[in-house]
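Input: a single structure, listed below in structure tokens.
Each value in this text was obtained by applying a stated rule to the coordinates, not by laboratory testing. All of these numbers come straight from a predicted model, not from anything done at the bench. Here Cβ is always computed from backbone atoms with ideal geometry, including for glycine, and neighbour counts include all displayed protein chains.
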Amino acid sequence: MAKTLSELSRLLKEFIIEYHGASSDKGPYKHRYNNLKIDVLDPRTSKIPQISVSIGISEATFNLLTSEKTSGGLGPDEKYVLRWLDRGSNREELKEILKSAQKHIGKANTSD
């Protein structure tokens, strides 16, 4: 069963907290990631499948084909996001969500 954006956001949050805590003597500030959010970018505005990740006031956009950052920045958390994108099926799950969004947009446009 495919995951939702909320589930993937939660998994990314857990990944960052786990890895940030492992690399820091002070431990992670878990509340800092309570507002972490992943969004798929509107496929009508870009030919490249992309997602946006926001943490607090920081935001970055990532190419789902290559995992490269295309704009913005997340500071030191960016390296964790890049690792998470390349881990397991996370990027594939996000691509499936984007495909579903494209189908939904296509149906909405044909019913206008």
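Residues of the stretch 36-73 with an amide N closer than 14 Å to a point placed 7 Å from the Cα of LYS95 along the Cα-to-Cβ direction: 48-51, 63-68.
Checking the Cα-Cα distances for LYS37/LYS99; LYS79/LYS99; LYS30/LYS99 against a 29 Å cut-off, the pairs over it are LYS30/LYS99.
In a Debye calculation with equal point scatterers on the alpha-carbon sites of the stretch 5-110 and no solvent, what is log10 I(q)/I(0) at q = 0.11 Å⁻¹? The calculated log intensity ratios at q = 0.11 Å⁻¹ are -0.35. Calculated FRET efficiency, ILE48 to ARG87, Cβ-Cβ distance, R0 = 22 Å: about 0.60 to the nearest 0.05. Derived scalar couplings between HN and Hα for the stretch 66-77 equal 10, 6, 6, 6, 9, 6, x, x, 10, x, x, 6 Hz in order, rounded to whole Hz, by the Karplus curve 6.51 cos²θ - 1.76 cosθ + 1.60 (θ = phi - 60°), x for Gly and Pro.
With a simple spin-label model that places each label point 7 Å from the Cα along the Cα-to-Cβ direction, the separation between LEU5 and SER71 comes to 1.6 nm.
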